Amino acid sequence: MAPRLEVRDLTKDYIGVRALDGVSLTVAPGEIVGLVGHNGAGKSTLSKVLAGLERASDGGFAVDGVPVSPRSAAEAVRAGIGLVPQRLAVIGTLTVRQNMLLGLRAHRGARGGDPAARLEEIAGELGIAGLLSRRADRIGPATQRLLMIARTLLREPKLLILDEPSAAFSAAEVERLFGIVRRLRERGIAVIYVSHRLEEVLALSDRVVAFAQGRVIADRPAATLDKAALADLIAGRHVEHVSTGSAPAAAPARREGVPALVCRDVTVAPKLRRIDLEVGAGEVVGLTGLVGSGRTTLLNALWGVAAPVTDGEVLVAGRPFAPSRPRAAMGRRVAYVPENRARNSLVASMSVLHNVTLPTVRRYRSRIRPLLGRRPEREAVAPLLERLRVRPANALQRPISALSGGNQQKAIIARWLLIDVDLLLFDEPTEGVDVGGREEIYAVVRELAQRGVGVLLSSSDVEEVVEQCDRVLVMREGTIAAELAGAELTVDRVSRACIA
């Protein structure tokens with residue numbers, strides 16, 4: 001039997017950059033292949049070439065033994081290749097049903113029958129049948145991801161590529177996704193699962209392919225690897241840390257004195273009620289819970305966007321604070337790195353430099369000659385990007401959209417290192433970030449804590465909050481349901497608290 005997918009010596013060149021360098025791999029029918037590697041290693045580029053979003057510079061690939069060279073996403077779909085990209089791609093003003101049917105007319109009859117007739121069945125399999133009439137901007141990011149998968153399955157792919165599909169998923173949603181992928185395997189659909197969550201790759205995949213610098217550096221059966229061995233393949237045995245001037249592995253001790261943040265009986269109608277929490281100066285407090293538990297709602301309210309605080313009291317650095325808008329929060333030395341950076345943090349058309357200085361641009365511009373202030377900006381930002389190991393090294397003037405997800409995240413963090421803050425709100429800090437990039441981000445968090453900054457770190461990754469935080473607060477149904485610290489702070493206990 002011919003492989004479902006066979007890639008031979010695939011190369012992709014951009015101006016001055018070789019993103020794929022002679023990539024060869026195969027995927028059998030009904031096989032799940034995990035694709036791992038650093039940000040910028042070439043994983044997403046390969047996905048885009050297979051899905052017809054980019055053209056290969058050399059080499060080629062075949063589906064079921066038939067050579068394919070798609071010049072568009074539509075041609076790739078007709079060849080049996082479906083891609084669910086990392087970035088959320090839904091039209092918020094359309095319903096879930098309308099989003100699933102987008103462009104369907106162009107693919108109708110590609111492999112017999114009308115795939116629209118299977119809409120209800122696929123929506124049921126993915127657990128979104130009851131949401132078909134709801135607007136897409138009124139469902140959460142995890143459900144939007146399921147919507148994107150459903151839309152792709154309607155095209156009846158032979159090969160499904162999932163690029164960071166579990167971003168912002170809770171443990172329960174990940175298990176649900178795994179069930180969906182395993183059922184696809186039983187139907188003979190091949191799956192390429194691209195993820196930085198190594199435990200997921202090992203739990204789900206039959207085989208793991210590791211990328212580095214646009215090349216395949218390892219192709220192993222998943223059963224022969226554990227998480228440590230896989231991390232070694234990707235990052236090497238010695239993960240580099242950002243230089244902080246102190247031991248990066250040391251957990252910051254909570255400092256005495258005025259807390260960075262206090263919330264007393266805070267209510268954000270209608271989702272949150274009676275939120276009580278405290279973040280000490282120099283303390284990293286984790287916030288976790290299932291998707292929909294209210295974590296992002298709380299952080300948005302403290303930042304002054306979306307639903308406001310309707311009752312209770314908020315103190316920042318010991319002084320009363322009424323969250324109203326981001327500028328007011330910045331005036332109180334509060335910073336926020338939100339989830340879904342593409343939608344909530346970045347201006348894709350602007351350079352990395354201007355994205356970093358966006359909140360502080362006035363300090364670098366002369367009132368007399370406002371366009372002559374670029375040199376101070378560059379002098380302030382360039383050392384930060386170097387210290388955070390933002391790649392490529394000459395990224396300063398590039399559009400931020402040209403960077404990988406992990407490098408975009410580090411650029412957003414650099415934005416807040418330009419100013420002194422008392423409180424950092426961090427939502428899904430390592431979403432779509434590779435192993436080395438995660439360690440660099442964690443090192444920055446530790447450095448800020450050691451300076452006395454209070455950090456409220458919200459994440460759906462239980463291992464992340466357990467390993468990186470001094471205490472963990474578990475949210476459930478709009479309130480703080482549990483607090484764990486010390487010997488109680490284990491992955492198992494936090495996971496149980498999320499659902500108990």
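Ranking Ser133, Ile180, Gly59 by Cα position along the charge dipole of the range 5-235, where only Lys, Arg, Asp and Glu carry charges on their C-beta atoms, puts Ser133 farthest toward the positive end.
Annotation: extensible slack from Tyr14 through Arg398 equals 136.9 nm (criterion: 0.36 nm per residue apart, minus Cα-Cα distance).
Per-residue Cβ neighbour counts within 10 Å put Glu467, Glu6 in the sequence Glu467, Glu6, beginning with the fewest. When the inverse distances between all different Cα atoms of the range 1-77 are averaged and flipped, the Kirkwood radius reads 12.8 angstrom. Only beta bridges with both residues in the chain are counted; by DSSP, about 55 percent of them are antiparallel. Charge dipole of the range 440-479 (Cα centre as origin; +1 on each Lys and Arg Cβ, -1 on each Asp and Glu Cβ, all else neutral): 240 debye, rounded to the nearest 20. For the range 387-500, the convex hull drawn through the C-alpha positions has a volume of 123 cubic angstrom per residue.
Toward the positive end of the charge dipole of the chain, with +1 on the Cβ of Lys and Arg and -1 on the Cβ of Asp and Glu, the farthest Cα among Phe211, Gly486, Val309 is that of Val309. Once you reduce the range 398-469 and the range 306-344 to the center of their Cα atoms, the two points are 18 Å from each other.
Taking 29 Å as the cut-off for C-alpha to C-alpha distance, list the pairs among Lys43/Lys158; Lys227/Lys271; Lys43/Lys271; Lys48/Lys410 that go past it.
Pairs exceeding 29 Å: Lys227/Lys271; Lys43/Lys271.
Evaluated with a Cβ-only charge set (Lys, Arg +1; Asp, Glu -1), the chain carries a dipole of roughly 1940 debye about its Cα centre, given to the nearest 20.
Let me make sure I get this right: for the range 69-213, a, b and c are the square roots of the gyration tensor eigenvalues over alpha carbons, sorted descending. Under 1.5 in a/c it's rounded, otherwise prolate if a/b > b/c, else oblate. Which is it? Because a/c hits 1.5 or more and a/b fails to exceed b/c, the range 69-213 counts as oblate. Between Thr310 and Ser69, the contour length at 0.36 nm per residue exceeds the alpha carbon distance by 81.2 nm. Annotation for the range 1-48 versus the range 172-195: alpha-carbon center distance of 19 Å.
When the chain is described by a simple charge dipole with +1 on each Lys and Arg Cβ and -1 on each Asp and Glu Cβ, the residue from Gly92, Val279, Met475 located farthest towards its positive end is Gly92. Residue order for Ser44, Ser351, fewest other beta carbons within 10 angstrom first, comes to Ser351, Ser44. Using a simple spin-label model with pseudo-atoms 7 Å out from Cα toward Cβ, Thr224 and Arg264 lie 6.2 nm apart.
Using only the Cα atoms of the range 261-499, build the gyration tensor, take square roots of its eigenvalues as a ≥ b ≥ c, and label the shape rounded, prolate or oblate: rounded if a/c is under 1.5, else prolate if a/b is larger than b/c, else oblate.
Note, shape of the range 261-499 comes out prolate.
Given the alternatives (i) 189; (ii) 144; (iii) 157, volume of the Cα convex hull per residue in Å³ as computed for this entry is given by (iii). When each of the peptides 303-310, 200-207, 179-186 is scored by how many other beta carbons lie within 10 Å of its residues on average, the order from highest to lowest is 200-207, 303-310, 179-186.
Remark: the range 5-235 carries a charge dipole of roughly 720 debye about the Cα centre, counting +1 on each Lys and Arg Cβ and -1 on each Asp and Glu Cβ. Fewest neighbouring Cβ atoms within 10 Å first, the residues Asp434, Asp21 line up as Asp21, Asp434. Residues whose amide H falls under 5 Å from that of Glu339, counting only those 5 or more places apart or on a different chain, are Asp427, with hydrogens built in the peptide plane. Residues whose amide H comes within less than 5 Å of that of Gly280, counting only those at least five positions distant or on another chain, are Ala260 (H built at 1.01 Å from N in the peptide plane).
All of the numbers you see were taken from the coordinates with simple rules; none came from a lab. None of these values were measured; they are calculated from a predicted model. Cβ: placed from backbone, ideal geometry, glycine included. Neighbour counts: every protein chain shown.
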